[in-house]
1. Tell me whether segment 123-131 contains one or more residues that are of a type in the set (A, V, I, L, M), part of a strand (DSSP E or B), out of contact with any helix residue (DSSP H, G or I) (no Cβ under 6 Å at 6 or more places or on another chain) and surrounded by fewer than 14 Cβ atoms within 10 Å (Cβ to Cβ).
2. Going by the structure shown, is L61 out of contact with any Asp or Glu (no Cβ under 7 Å at 6 or more places or on another chain), at pLDDT 95 or above and within 25 Å of W150 (Cβ to Cβ)?
3. Checking the conditions here, which among V33, V118 is under 22 Å from K140 (Cβ atoms) and at pLDDT below 95?
4. Out of all the residues in segment 41-86, which are in a strand (DSSP E or B) and within 19 Å of S130 (Cα to Cα)?
5. Only one residue in V104, V143 is part of a loop (DSSP other than H, G, I, E, B) and either surrounded by fewer than 21 Cβ atoms within 10 Å (Cβ to Cβ) or of a type in the set (S, T, Y) (or both), so which one is that?
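The values are calculated or read from the model by the stated rules, or taken from the named source; none is laboratory data. Worth saying up front: this structure is predicted, and the values here are computed from it rather than measured. Please note: Cβ atoms are built from the backbone with ideal geometry, for glycine as well, and neighbour counts cover all protein chains shown.
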Amino acid sequence: MIRGHSTREQTGVGTRPHVQRRTLILPTAPASVRAARISTAEVLTLFGLAPGSLLADAALLVVSELMTNAVRHAAPHSPSATVTVSTGAGQLVVVVGDQDPHTVDLAGASVGGGLRTVAEMTAYFDGEVSVEPASWGRGKTVVARFRLPWRL
């Protein structure tokens, strides 16, 4: 299921930055990694990123790595994972969330190659990766932020 919206909010002073967001909910099953990548590629094109660009390819690799981690590590505790892709305020943000209560220490020695790759991809675009508690109360979200080289 893909849900999304695009807004330009009015404030008393002017307009807020244009925000685009799409969310996809997938089962934590191996086939979902490919589905997440394909759907994200479509969303990135919709948002104005050129297919095959460095940024689009980096974002697709990040989605693949994070969804793979959700399938491998969270599936026993989380029947589904949520992939959200958004742009706004000069950033492309990729978020993968699950209901697994086990968190990840990004600074720890146990961080696998996939999360190291995610950190490298975001750093290349002056961004960052973080792990945050899920906004729905149980689980976690891994947030990968990329600075856009232009405004969308």
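1. Yes, segment 123-131 contains at least one residue that is of a type in the set (A, V, I, L, M), part of a strand (DSSP E or B), out of contact with any helix residue (DSSP H, G or I) (no Cβ under 6 Å at 6 or more places or on another chain) and surrounded by fewer than 14 Cβ atoms within 10 Å (Cβ to Cβ).
2. The answer is yes for L61.
3. Only one candidate passes the filter, namely V118.
4. Once the filter is applied, which keeps residues that are in a strand (DSSP E or B) and within 19 Å of S130 (Cα to Cα), segment 41-86 yields A81, T82, V83, T84, V85, S86.
5. After ruling out the rest, the residue left standing is V104.
Residues are listed down the side, and each one gets a yes or a no for (1) hydrophobic (A, V, I, L, M, F, W, C); (2) in contact (Cβ under 8 Å) with a residue 60 or more places away in the chain:
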| site | (1), (2) |
| --- | --- |
| V33 | yes, no |
| T40 | no, no |
| T45 | no, no |
| A50 | yes, no |
| A56 | yes, no |
| L66 | yes, yes |
| R72 | no, no |
| T82 | no, no |
| G88 | no, yes |
